[in-house]
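Laboratory data are not the source of any read-out in this text; all were calculated from the coordinates shown. All values reported here derive from a predicted model rather than from experimental measurement. FYI the Cβ positions are ideal-geometry reconstructions off the backbone, even for glycines, and counts take in every protein chain you see.
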Amino acid sequence: MAVDEAMKGNRNNLPVSVMFQDEARFGRLSLPQRYWAPAPMRPVVVQGEVREYSYASAALAPLSGELDWMTASSMNTTEMAAFLRHVGSRHSDQFVVMILDGAPSHRSMELAVPENMALVRLPPYSPELNPVEHLWDEIREKHFVNRVFDSLGAVIAQAVNALDDWESSPGAVRTLSAWPWIVQSLQSS
């Protein structure tokens with residue numbers, strides 16, 4: 001199993017935390033969604049046409065409900081390394097097995113991985129295996145749908161508020177991410 005192989009890097013025998021990681025793009029280009037309104041009302045939804053984006057990275061631990069996140073102006077190897085350092089420092093007393101997809105910034109030879117962390121890649125083209133994808137769906141649905149933002153700063157503030165809400169709700173993170181196959185796999189290893 002890949003997680004067992006990754007744990008060989010835990011030379012200091014630290015407690016192990018398994019986390020799933022992903023990143024998302026948030027921007028001012030809106031996509032209006034249908035929603036219910038009582039008849040005969042016809043809701044008016046404005047549409048944003050500005051192509052400005054910011055990025056957010058998140059890592060969550062399905063068993064504990066912990067969520068670590070960071071916003072960035074781009075998604076590249078430098079930003080990914082900064083996020084890994086951020087998670088590594090927040091969990092300095094643990095060995096983090098980070099499960100992530102195969103994005104180019106995750107595979108780069110220049111990617112610096114903290115000593116208290118090992119990376120495990122999901123199979124290609126399998127976003128359905130990553131519970132962080134559901135976090136992004138929830139944030140988009142509850143905090144961004146049918147909204148037009150005046151500036152990129154307002155988009156970032158909205159993403160920060162949403163991520164703060166999730167970070168302060170470990171029970172909600174567990175409910176979203178503690179899928180039976182994940183829990184069984186982690187409890188048996």
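Prolate is the label for region 118-189, because the ratio a/c of its alpha-carbon gyration tensor axes (a ≥ b ≥ c) is 1.5 or higher and a/b is greater than b/c.
Going through region 95-142, which GluC sites (Glu not before Pro) have at most 16 other Cβ atoms within 10 Å and a DSSP loop state? Passing both the DSSP loop test and the Cβ count: Glu110, Glu115. The local environment of His106, defined by Cβ-Cβ distances under 12 Å, has a net charge of -3 under the rule Lys, Arg +1 and Asp, Glu -1.
Label-to-label distance, Gln184 versus Ser74, with points set 7 angstrom from Cα along the beta-carbon direction: 4.4 nm. Checking (1) 16.7, 49; (2) 14.8, 44; (3) 18.1, 66 against Rg and Dmax of the Cα atoms in Å calculated from these atoms, the matching label is (3). For the chain, the relative contact order comes to 30 percent (Cα pairs under 8 Å, sequence separation of at least 6). Footprinting exposure proxy ranking of Leu163, Leu152, fewest other C-beta atoms within 10 angstrom first, gives Leu152, Leu163.
Among Asp101, Asp22, Asp137, the largest mean-square fluctuation in a Gaussian network model of the chain, built with springs joining Cα atoms closer than 10 Å, belongs to Asp137. The residues neighbouring Ser73, those whose beta-carbon lies less than 13 Å from its own, together hold a net charge of -2 under the Lys/Arg +1, Asp/Glu -1 convention. Counting only Cβ charges, +1 for Lys and Arg and -1 for Asp and Glu, the dipole size of region 1-159 around its Cα centre is about 360 debye.
Counting Lys and Arg as +1 and Asp and Glu as -1 over every other residue whose Cβ lies under 12 Å from the Cβ of Ala2, the net charge comes to 0.
Between the residues Phe95, Val120, Leu67, the greatest Cα displacement towards the positive end of the dipole of region 1-132, with unit charges on the Cβ of Lys, Arg, Asp and Glu, is found for Leu67.
Loop sites only, by DSSP: take the chymotrypsin sites (Phe, Trp or Tyr not before Pro) in the chain that have at most 12 other C-beta atoms within 10 Å and name the longest stretch containing none of them.
Numbers: sites that count: Tyr35, Trp36, Tyr125.
Looking at the chain, 37-124 is the longest stretch - no exposed chymotrypsin sites (Phe, Trp or Tyr not before Pro) with at most 12 other Cβ atoms within 10 Å.
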